[in-house]
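Student: Pasting a structure here, questions to come.
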Amino acid sequence: MSVQIIQSKYGLVLTCLLGQIMLFAAPVQAGVQGKSYNVNVNSSLGDNFSACFEFDPNGILQFLGQNATYNVSSDQTSWQAVTKPASPLVSISLQGVVQGDFVPDRTISGTALNSNGTTFTFNGTLLSQSTCPTQLPISPSDLQFGRSPENPFLK
């Protein structure tokens with residue numbers, strides 16, 4: 001009888017240990033839904049700029065005044081998005097991957113192509129909040145001097 005109790009204590013300890021290993025070893029799903037990323041973008045035209053990619057839970061990606069419909073792969077590590085043509089009839093196609101299993105390590109990278117043939121590469125990090133910080137579409141100095149900045153994704 002005592003042998004069975006000892007075996008069951010070891011079995012219980014082993015089961016608990018394996019359960020903890022599986023809990024900590026399981027990767028956190030890296031989907032983009034409901035998350036925002038601060039990204040650095042480089043274009044084939046030589047433009048380097050920053051943007052905030054905000055992925056809402058309903059499949060809409062918002063960035064620099066653009067709305068794109070996005071889809072996420074079944075393993076939640078890659079995504080694709082496309083915008084409807086903007087006023088100058090320029091559309092943008094984006095694709096990217098999310099890397100890192102833990103929140104501080106989550107990064108995003110990818111490429112984009114607009115209908116003018118301009119290509120872009122981007123990489124960035126997960127923001128702590130689920131939405132992008134509100135930004136004026138035009139900087140105060142642009143307003144002061146009457147300039148209207150062009151969205152670099154539409155060049």
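Student: Would you mind telling me which numbered condition in (1) open to solvent by 80 Å² or more (accessible area, probe 1.4 Å); (2) under 11 Å from the mean Cα position of the chain (by Cα); (3) not hydrophobic (A, V, I, L, M, F, W, C) residue 77 fails?
Tutor: Failing condition for residue 77: (1).
Student: Taking segment 56-67, which residues are under 13 Å from the mean Cα position of the chain (by Cα) and either surrounded by fewer than 14 Cβ atoms within 10 Å (Cβ to Cβ) or not acidic (Asp, Glu) (or both)? Give the steps one after another, and end with the answer.
Tutor: Kept after step one, since they are under 13 Å from the mean Cα position of the chain (by Cα), are these residues of segment 56-67: 56-57, 59-63.
Hits for segment 56-67 are 57, 59, 60, 61, 62, 63.
Student: Could you please find all residues in segment 84-108 being open to solvent by less than 30 Å² (accessible area, probe 1.4 Å), more than 16 Å from residue 33 (Cα to Cα) and modelled with pLDDT of 85 or more?
Tutor: Across segment 84-108, the qualifying residues are 90, 92.
Student: Another one. Here are 153, 145: which of them is at pLDDT 75 or above and aromatic (Phe, Trp, Tyr)? Steps first, please.
Tutor: On the way: 145 fails: at pLDDT 75 or above.
Just one listed residue meets the conditions, 153.
The values are calculated or read from the model by the stated rules, or taken from the named source; none is laboratory data. Since this is a predicted model, take the numbers as computed values, not measurements. Counting neighbours? That spans all protein chains shown, and the Cβs are built from the backbone with ideal geometry, glycine included. The area values use the complete protein model at the heavy-atom level, side chains included, leaving out ligands, DNA and RNA. Shrake-Rupley method; radii C 1.70, N 1.55, O 1.52, S 1.80 Å.
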